[in-house]
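The values are calculated or read from the model by the stated rules, or taken from the named source; none is laboratory data. If you're wondering where the values come from, they're calculated on a predicted model, not measured in any experiment. Cβ atoms come from the backbone with ideal geometry, glycine included; neighbour counts cover every protein chain shown.
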Amino acid sequence: MKINLEKSAKNQLENIVSSNSNPKPFRIMVQNFSWRGPSFGLSRDEKQKEDTVVEVDGFTFLADSYVSEVLHEVNIEYSDKFFSKGFRIIPIS
């Protein structure tokens, strides 16, 4: 699994890590399923035995076996716009 961090996402991840005294890795997870397929999100979590671990720019990302099989490469972006605030996990075909 390859992860590309956009500058906006990297800055926001740095803010999250610096404000937390007990940082956990970031998990890429399935958020929803729809007719277009799964959508993905980001959360903090503990490493599980079956997880794939990816280190990017000093950040640790986790993915379970389903996510790591489905997502070969992703871009992670962050938006602070009113209607679209948050991280976006964008699969790269």
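What the table shows:
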quantity	calculated
Lys81 basic (Lys, Arg), over 20 Å from Leu5 (Cα atoms) and out of contact with any strand residue (DSSP E or B) (no Cβ under 6 Å at 6 or more places or on another chain)	no
Search result, residues across the range 6-36 that are at pLDDT 95 or above and acidic (Asp, Glu)	Glu6
